[in-house]
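Just below is one structure, and these are the notes that go with it.
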Amino acid sequence: MLFLIVITTNSIIIFKPLTVAIIVISLFGMYGIGFIFGALSLIYKRIQDIIPILQYLLLAIISLPASSNIFANIIPIYSTSSLLKRLLDNNDILFSEYILFSFSSIFYLIIGVLLFNSCDKFVRKKGIVGRL
């Protein structure tokens, strides 16, 4: 989508290496959240009913103003948008914020993979993989 926007608007976007690093690190957290929802959908087959609600919740989280609240910064999607907003405003970002962001993203990935594996084993043991 970004490349289509650049081509159609005939504009130039310059990515700093720090911006690319933040986006790549945030992918770990996003994959972790994806694994968590995948694990939930293995057990609770009707999870697609709450997906629209979650989409609006994620949109609301992204649009929150950037703050230094520690509890808000451990949510990967909020911390990504917060750090990117601050980079676009040319504000300095502390090294400790990068470390917290990296650890929280990796933590979500590890928790997501472990939860998905345990739910997969549970579902296979119960024999309810294809059942609604």
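The values are calculated or read from the model by the stated rules, or taken from the named source; none is laboratory data. Just so it is clear, the structure is predicted and the values come from calculations on it, not from any experiment. Cβ atoms come from the backbone with ideal geometry, glycine included; neighbour counts cover every protein chain shown. Heavy atoms of the whole protein, side chains included, go into the accessibility calculation; ligands, DNA and RNA do not. Shrake-Rupley method; radii C 1.70, N 1.55, O 1.52, S 1.80 Å.
Structure above, values below:
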item	result
Residue 36 within 13 Å of the chain's Cα centre (by Cα), in a helix (DSSP H, G or I), farther than 18 Å from residue 22 by Cβ and modelled with pLDDT of 80 or more	yes
Test for residue 24: is it within 30 Å of residue 119 (Cβ to Cβ) and at pLDDT 80 or above	yes
The stretch 1-33 - residue that is in a helix (DSSP H, G or I) and among the hydroxyl-bearing types (Ser, Thr, Tyr) and, of those, farthest from residue 96 (Cα to Cα)	8
Matching residues, the stretch 31-55, being open to solvent by less than 80 Å² (accessible area, probe 1.4 Å) and touching a residue at least 60 places away in the same chain (Cβ under 8 Å)	32, 33, 34, 35, 36, 38, 39, 40, 42, 43, 45
All positions within the stretch 77-97 that are open to solvent by 80 Å² or more (accessible area, probe 1.4 Å) and either among the aromatic types (Phe, Trp, Tyr) or assigned to a helix (DSSP H, G or I) (or both)	88, 95
